[in-house]
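Reading through the structure tokens given below for one structure.
The values are calculated or read from the model by the stated rules, or taken from the named source; none is laboratory data. Owing to the predicted nature of the structure, the values given are computational and were not obtained by experimental measurement. Ideal geometry is used to build each Cβ from the backbone, glycine not excepted, and the neighbour counts take in all protein chains shown.
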Amino acid sequence: MTITNKAAEKAKAILTGEGKTDWGLRIFVAGESCCGPSYGLDMQEGHSPDDEIIEKNGLKVFIDKQTMETLTGRELDYYAGEEGEGFIFTGGVSACGTGSSACGAGSSGCSSCGE
């Protein structure tokens, strides 16, 4: 799993805006959709002993081992466009066959297939 510079910088800006500069970002499986797992993101002060920790541009990202297995080949990015903005996962294999997670982070449904 990788994190783009844009995603790391946006997450750091959010943490800083909340006054949580020493905190990190937690990624977790929030549920399943037609595209496979949907992921959640949250701010977290510390990590659990069994977490994988990824550091990017000063941002710490905490991921439990089970979630990390589902993120193989994926990349966390930040998108801002006409449709809105938010963190998205790209790459890897999805049940939708698009090669990206149209379900996005924190979403319980799949926008590409309507589930």
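When the range 43-58 is examined, which residues are found to be acidic (Asp, Glu) and surrounded by 13 or more Cβ atoms within 10 Å (Cβ to Cβ)?
Asp51, Glu52
Out of the residues in the range 59-80 that are surrounded by fewer than 18 Cβ atoms within 10 Å (Cβ to Cβ) and of a type in the set (A, V, I, L, M, F, W, C), which is farthest from Ile14 (Cα to Cα)?
Checking each candidate, the answer is Met68.
List every residue pair whose Cβ atoms sit under 6 Å apart, with the two residues 6 or more apart in sequence or on different chains, where the first one lies in the range 24-44 and is under 16 Å from Asp77 (Cβ atoms) and of a type in the set (Asp, Glu) and the second, anywhere, is modelled with pLDDT of 85 or more and surrounded by fewer than 18 Cβ atoms within 10 Å (Cβ to Cβ).
none
Test each condition in (1) closer than 22 Å to Gly92 by Cα; (2) within 15 Å of the chain's Cα centre (by Cα) for Leu59 and report the one that comes out false.
For Leu59, the failing item is (1).
Is one or more of the residues making up the range 91-109 modelled with pLDDT of 85 or more and within 13 Å of the chain's Cα centre (by Cα)?
Yes - at least one qualifying residue is present in the range 91-109.
Would you check if Phe62 is over 14 Å from Ser38 (Cβ atoms) and modelled with pLDDT of 90 or more?
yes
Hey, could you check the range 1-42 for residues that are hydroxyl-bearing (Ser, Thr, Tyr) and exposed (fewer than 13 other Cβ atoms within 10 Å of the Cβ) and say which is nearest to Gln66 (Cα to Cα)?
Thr21
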